[in-house]
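Below is one structure, written out as structure tokens; comments come after it.
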Amino acid sequence: MTTLTSTAPTADPGHARRWWILAILGIAQLMVVLDATIVNIALPVAQHALGFDDGGRQWVVTAYSLAFGSLLLIGGRVGDMFGRKNAFVIGLVGFALASAVGGWAPSFDVLVAARAFQGIFAALLAPAAMSLLTVTFAHTPDRSKAFGIFGAIAGAGAAIGLLLGGVLTEYLSWRWCLYVNVVFAAVSLVGALVLLPRHVKEEHGQRADWLGALVVTVGLFFLVFGFSHSESNGWADTVTIASLVVGVVLLVVFVFVQRAVAQPLLPLRIVLDRLRGTSYLAMLISAVGLFGASLFLPFYMQQTLGFSPVVTGVAFLPMSIAIAVTAAVTGSILVTRLSPKIVVTAGMLFGAAGMVYLTRIGVDTGYVASVLPGLLMLGVGLGLVFANGFGFATIGVRNEDSGVASATVNTAQQIGGSIGIALLSSMSAAAASTFASDHAPSPDVAAAAAVAGFQTAFWWGAGFFLVGALVAAVGYRNRIPQQNVDDAPVMAH
């Protein structure tokens, strides 16, 4: 049975302020998550406005994911060392400034640089938000409910980004897909300054593990870059292979470094715990499916079904609602009544079923019959996984490790998304190319080839979810994890 350990209780564990804190943390998390997709719908308009070529489009997305994914672990440890509230506030301000510059960007270079700085500050902001959530609810019986709500926000963020991006692009300007972050950040910043208590750091202090930070940052950079590069240049490309090999080797070196140093960046006890380690794997695998659906379905809806950007965003709302409702119910009810082995395995199977159903799409099929049921099943599955994945990813960690544990689950999700986008894109492109080569060229064949590619991607996504079901069934113990509500991390007002 997993219990939370800490050094001192906080005052009045039943104070109502914690729900307002959850609200501001949720807004910040939504901003970070939706920024991975909100720009996607705006890209064609932005490309026309700034005059960059097709090869530049992926860098508007990749610049964000590269910086975000590679710096998450060090961002989490910075929050542990120098104060979670400090990291959260600096992350909010930096993210808002980078977003404002990106919205103003007069050139492609400025836009890409701004997206990279968004990723840098997101790597500081995201683990700080989750760490603050962990310590705010650690001593209350509402922990599962809070993480269920947080998981719902994180899970629905990608789909909400598609909707918001479509609305802003169609009715205002593509630049507002970046400017809108200033509004989110301002609301969260005011709430943070008013509501968040000061983080009291541990008496023994911590020295920075600079070697570990350098190795893991470079390793994650090459890993994310390799997957991103494969999307446009293929898996046999020399740069793709070299990047992935260097990334994997450096991550192996990182493990040895963490075993050798006295105060590691990522203490291996965090990931070797069976409950937390399985949760990290579950989040990584489920992210493959989430990002796969949010990447291919918009193309299908706009290119084949003829949906506008706004209608495409609205079409994703059922999945967002399914994620939110399922995650909230799971956090409030199921987490305390059923083991994660049952809940997460069921979620993965729902996800697999949703992906299999989406393979029914065709050139002449409609949204209601061929897409909506699959989205709903996928949403239910992701809601079940995210409520448990986020909730158990930080349970039982020491107070001084809550930030890096939070960063680890965010890293798992980010790496999973990168794998999903790259691998599924590659499989989709290969299938479409094969279909086209087997038929005489015509507009109808081109449309059918695109759909064949999407179907292949969904089959692969279903396969990942089935692997996730196996991981959950084997990795989780058939027991309900408990926390000691009398313990709490050190916090002060």
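With axes computed from alpha carbons, what is the tilt in degrees of helix 274-299 against the longest principal axis of the chain, rounded to the nearest 10 within 0 to 90? On a 0 to 90 degree scale, this one is about 30. Put in line by how crowded their Cβ is, counting other Cβ atoms within 10 Å and starting with the fewest, Met427, Met31, Met355 read Met427, Met355, Met31.
Listed values for the stretch 35-46 are Karplus-derived 3J(HN,Hα) couplings in whole Hz (6.51 cos²θ - 1.76 cosθ + 1.60, θ = phi - 60°), namely 5, 6, 10, 4, 7, 4, 5, 7, 4, x, 5, 4, and x replaces Gly and Pro. Per-residue ellipticity at 222 nm from helix content only, as computed over the chain with -39500 (n - 2.57) for each DSSP H run of at least four residues, stands at -26500 deg cm²/dmol. Counting neighbouring beta carbons within 10 Å and listing from fewest to most, the residues Lys145, Lys85 come out as Lys85, Lys145. Once the Cα-Cα distance is subtracted from the 0.36 nm per residue extended length, the Ala236 to Ala369 segment shows a gain of 44.1 nm. Along its first, second and third principal axes, ordered by size, the chain spans 72, 49, 44 Å in Cα coordinates. Would you mind checking the tilt of helix 443-475 against the longest principal axis of the Cα atoms of the chain, expressed as 0 to 90 degrees and rounded to 10? Roughly 30 degrees, rounded to the nearest 10. So if I place +1 on the C-beta of Lys and Arg and -1 on the C-beta of Asp and Glu, and nothing else carries charge, what would the dipole magnitude of the chain be about its Cα centre? I want it in debye, nearest 20. That gives a dipole near 1180 debye. A straight chain from Leu214 to Ile333 at 0.36 nm per residue would run longer than the Cα-Cα distance by 38.7 nm.
Any idea what angle helix 340-358 forms with the longest principal axis of the chain, computed on alpha-carbon atoms, 0 to 90 degrees, nearest 10? Between helix and principal axis, roughly 10 degrees.
Since every read-out is calculated from the coordinates, none of them should be taken as a lab result. Everything quoted here is computed from the prediction, not taken from an experiment. Every residue, glycine among them, receives a Cβ derived from its backbone with ideal geometry; neighbour counts consider all protein chains shown.
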